[in-house]
There are 2 protein chains.
Amino acid sequence: MEPSSSVTLHDVAAEAGVSLATASRVLNGSVRKVAESYRERVMAAAQRLGYAPNLSAQAMAKGRANIVGLLVGDIADPYFSAITAGAMAAAEEAGLVVTVAVTGRDADRELTTVRALKGQRPRAILLAGSRFADATRDDELSAELENFRAGGGRVVFVSQSGLGFDTVRIGNEEAATALGERLAELGYRRVAIIAGPHRLITSTDRARGFTRGFGRGGGDVVTTVRGDFTRDGGFAAGEKLAASGLSDVDLIFATSDIMAVGAMSALRRAGIIPGEHVGVAGFDDISTARDVTPPLTTVAIPLEEIGRSAVTQALLDEPGDSPAPVTGTVLIRESTPART
Amino acid sequence: MEPSSSVTLHDVAAEAGVSLATASRVLNGSVRKVAESYRERVMAAAQRLGYAPNLSAQAMAKGRANIVGLLVGDIADPYFSAITAGAMAAAEEAGLVVTVAVTGRDADRELTTVRALKGQRPRAILLAGSRFADATRDDELSAELENFRAGGGRVVFVSQSGLGFDTVRIGNEEAATALGERLAELGYRRVAIIAGPHRLITSTDRARGFTRGFGRGGGDVVTTVRGDFTRDGGFAAGEKLAASGLSDVDLIFATSDIMAVGAMSALRRAGIIPGEHVGVAGFDDISTARDVTPPLTTVAIPLEEIGRSAVTQALLDEPGDSPAPVTGTVLIRESTPART
DNA sequence: ATGAAAGCGCTAACAA
DNA sequence: TTGTTAGCGCTTTCAT
């Protein structure tokens with residue numbers, strides 16, 4: 001049968017000779033409750049007509065759509081795309097559709113975007129990405145999300161919490177501390193830190209943690225250069241450091257791999273060979289970290305797993321029991337050979 | 001005013017002392033038609049109550065949701081995430097929300113996913129990613145999309161067309177030909193091609209184009225190694241080539257940068273230095289191509305632009321006028337120095 | 001210019 | 001177990 005532009009449940013019910021309610025029960029409603037013979041007839045009719053439920057209608061009738069809204073800073077950033085991949089995998093398993101929106105790592109846009117997402121009445125809203133040091137918008141965001149939760153929606157943050165919602169926390173500071181210690185053990189003593197903007201807590205936490213660990217091992221932070229929390233931001237910071245001569249520095253720590261990778265390119269361009277003239281370390285263990293030369297020392301964060309986790313958390317019966325923070329694993333690679 | 005769990009248009013209308021219809025006209029409906037005084041009162045009421053339209057309800061009333069569904073092979077692949085970024089930017093400008101789904105580069109899953117997306121009654125469905133050589137599912141997919149279009153939805157393919165829908169075409173074969181010619185000019189004569197699975201037309205087109213161009217310049221294809229169209233697939237292929245000794249080969253062309261990058265890592269691991277012992281070239285110009293060592297010769301494809309374009313195309317008044325294919329630009333970098 | 005009311009497709013009481 | 005029916009929130013004729 002040629003499916004007309006849109007087959008409704010009504011059509012299916014008619015075709016099968018049963019009531020709307022019965023058809024609904026068979027195709028979508030709760031399990032077990034319809035006689036096998038009816039069940040089959042409905043299924044057959046649906047099949048024949050090519051019926052597909054109208055999600056908007058379902059959402060309206062149920063008050064909630066089988067959607068999860070995911071906010072990321074920048075989908076083209078491997079950090080976020082890995083988290084997204086994990087979230088989408090888990091969502092698909094749960095029969096949910098994922099709506100993705102980007103915030104550009106900006107608090108205002110984050111707020112706007114949350115509002116837009118709320119309009120879909122999704123089952124959950126997931127906010128991946130750093131919280132902001134400047135809490136200007138936090139009250140508004142909180143209110144917006146609190147209201148969403150009051151309506152039965154679930155909210156899950158990924159990274160830092162602070163606003164009192166469920167959170168898949170990432171142990172940025174601890175892992176960075178461990179990395180700092182290890183690098184100090186390897187003989188590094190004077191580090192230049194490449195960090196993202198002050199307002200990104202993720203970056204700040206990592207820098208602080210690293211500083212502490214490195215300090216414990218007897219190392220010092222010589223300087224900190226800031227830039228966008230992107231590849232190009234890292235590149236620019238790398239150029240700046242290279243221009244300064246790097247005289248007093250034996251190590252560069254960037255608060256994300258993507259910045260580290262950009263910085264390495266800048267260094268090499270300036271004739272400074274990463275891993276040889278100066279050690280370089282990053283954070284995240286994005287795929288590229290293995291493929292640059294030399295392979296990049298970093299902290300592995302199970303990004304995909306975190307994405308899955310966020311969805312799982314959102315689907316749990318009860319909010320409130322945030323799991324323990326995800327821990328990172330220090331990965332020493334050739335970009336930081338032991339200092340003789 | 002404390003926004004109760006959900007403020008409806010009804011509430012706003014009541015608060016403003018106007019009818020539902022008027023409120024609707026002010027807040028969403030077509031422009032100009034409401035007296036300024038009413039207009040203001042409604043706006044104020046909406047503001048005060050924190051009203052946000054329920055998209056599902058709007059979708060139902062209008063028959064179509066302000067959503068665009070985007071299908072990608074793998075969101076963690078920079079090729080797709082760049083396209084996605086572009087599509088999301090354009091969608092946001094148009095006030096549309098983007099639902100993303102992954103196909104895992106599998107025709108069956110692609111079909112399933114299209115069905116799921118259709119349930120949202122989105123304004124458009126965008127299919128990024130290679131078509132499949134094995135057209136087993138093409139009829140079903142066509143039928144599904146044709147039906148979607150019949151209901152007023154728009155369909156846009158990105159890459160190859162073939163199914164008779166609007167397409168943002170990518171000139172893979174032509175650009176690969178140009179690349180092959182250039183590399184032959186540079187003195188390369190014997191290439192090993194690293195390709196994705198046979199079924200991915202994108203990969204096949206690029207390999208064919210390259211072969212032609214390289215042949216024109218007097219070069220030969222010595223061997224072709226296939227693997228997953230991923231970084232790891234490239235790595236595995238690279239290992240295989242390295243193991244074979246690479247005796248008879250002065251160049252490796254991978255049909256995507258991501259494979260090329262993986263292959264470079266494998267080569268280096270085996271003691272073969274890319275750009276020195278053997279030239280390496282890729283395709284796409286993903287961000288990483290600049291950051292590997294040596295920087296990777298490739299064909300630049302304006303991925304973000306393509307994503308934007310797909311959305312723009314979908315929003316055009318009339319289907320059918322697919323723009324000219326997007327052309328790639330050959331970028332010779334240090335991974336393919338001129339052969340002496 | 002404004003309002004009343006009929007749906008849009010589906011679910012979930014409530015009846016039978 | 002199955003069917004009837006009242007909404008869900010919004011848009012859109014059609015009157016007024």
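The values are calculated or read from the model by the stated rules, or taken from the named source; none is laboratory data. Quantities reported herein were computed from a predicted structural model and do not represent experimental measurements. As a convention, Cβ positions derive from the backbone with ideal geometry for all residues, glycine included, and neighbour counts pool all protein chains shown.
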### Task
List the number of the failed condition for A:Leu186; all other conditions in (1) crowded, with 22+ Cβ neighbours inside 10 Å; (2) over 26 Å from B:Leu49 (Cα atoms) hold.
(1)
### Summary
Of the residues in segment A:294-309, those that are more than 16 Å from A:Leu251 (Cα to Cα) and buried (at least 20 other Cβ atoms within 10 Å of the Cβ) come to A:Ile301, A:Leu303, A:Ile306, A:Gly307, A:Arg308, A:Ser309
### Qualifying residue in segment A:211-228 (condition: farther than 28 Å from A:Ile75 by Cβ and among the aliphatic types (A, V, I, L, M))
yes
### Query
Which ones in segment A:145-178 are within 14 Å of chain B (Cβ to nearest Cβ) and under 17 Å from the mean Cα position of the chain (by Cα)?
A:Arg154, A:Val155
### Task
Tell me which residues, restricted to segment B:44-84, are hydrophobic (A, V, I, L, M, F, W, C), within 14 Å of DNA strand D (Cβ to nearest atom) and either out of contact with any Gly (no Cβ under 6 Å at 6 or more places or on another chain) or within 18 Å of B:Ala16 (Cβ to Cβ) (or both).
B:Ala45, B:Ala46, B:Leu49, B:Ala52, B:Ala57, B:Ala59, B:Met60, B:Ala61, B:Ala65
### Message
Checking B:Ser30 against (1) out of contact with any Pro (no Cβ under 8 Å at 6 or more places or on another chain); (2) away from DNA strand C (no atom under 16 Å from the Cβ); (3) assigned to a loop (DSSP other than H, G, I, E, B); (4) within 30 Å of B:Ser309 (Cβ to Cβ): exactly one of these is not met. Which one?
### Response
(2)
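Out of B:Ser24, B:Ser56, B:Ser37, report the one residue that is within 7 Å of another protein chain (Cβ to nearest Cβ) and in a helix (DSSP H, G or I). Walk me through it before giving the result.
Details: B:Ser24 fails: within 7 Å of another protein chain (Cβ to nearest Cβ); B:Ser37 fails: within 7 Å of another protein chain (Cβ to nearest Cβ).
Checking each option against the conditions leaves just B:Ser56.
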### Message
Within segment A:233-251, does at least one residue satisfy the condition of being within 14 Å of chain B (Cβ to nearest Cβ) and not in a helix (DSSP H, G or I)?
### Response
no
### Query
Here are B:Asp248, B:Asp285, B:Asp232: which of them is of a type in the set (D, E, K, R) and under 24 Å from B:Gly328 (Cα atoms)?
B:Asp285
### Task
Could you check, for segment A:66-85, whether at least one of its residues is without any contact (Cβ under 8 Å) to a residue 24 or more places away in the chain and within 19 Å of B:Gln120 (Cβ to Cβ)?
no
### Message
Filter segment B:140-154 down to the residues that are free of Cβ contacts under 8 Å to residues at least 40 places away in the same chain and surrounded by 17 or more Cβ atoms within 10 Å (Cβ to Cβ) and list them by number.
### Response
B:Leu141, B:Glu144, B:Leu145, B:Asn147, B:Phe148
### Query
What residue, of B:Gly69, B:Gly73, B:Gly95, is closer than 24 Å to A:Leu71 by Cβ, modelled with pLDDT under 95 and away from DNA strand C (no atom under 12 Å from the Cβ)?
B:Gly95
### Task
Go through (1) within 16 Å of DNA strand C (Cβ to nearest atom); (2) at pLDDT 95 or above; (3) surrounded by fewer than 24 Cβ atoms within 10 Å (Cβ to Cβ) one by one and return the number of the condition B:Ala61 breaks.
(2)
### Message
Please go through segment A:279-291 and give me each residue that is buried (at least 23 other Cβ atoms within 10 Å of the Cβ) and not in a loop (DSSP other than H, G, I, E, B), ordered by number.
### Response
A:Gly279, A:Val280, A:Ala281, A:Asp284, A:Thr288, A:Ala289
### Query
Of all the strands (runs of 3 or more DSSP E) wholly in segment B:61-141, which have at least 3 residues that are more than 8 Å from chain A (Cβ to nearest Cβ)?
B:65-72, B:122-127
#### Entry: Test for A:Met43: is it of a type in the set (A, V, I, L, M, F, W, C), more than 26 Å from the chain's Cα centre (by Cα) and away from DNA strand C (no atom under 11 Å from the Cβ)
yes
### Query
Which residue pairs have Cβ atoms closer than 9 Å, lie 6 or more positions apart in sequence or on different chains, and pair a first residue in segment B:17-37 that is more than 23 Å from B:Asn66 (Cα to Cα) and within 7 Å of DNA strand D (Cβ to nearest atom) with a second residue that is of a type outside the set (A, V, I, L, M, F, W, C) and assigned to a loop (DSSP other than H, G, I, E, B)?
none
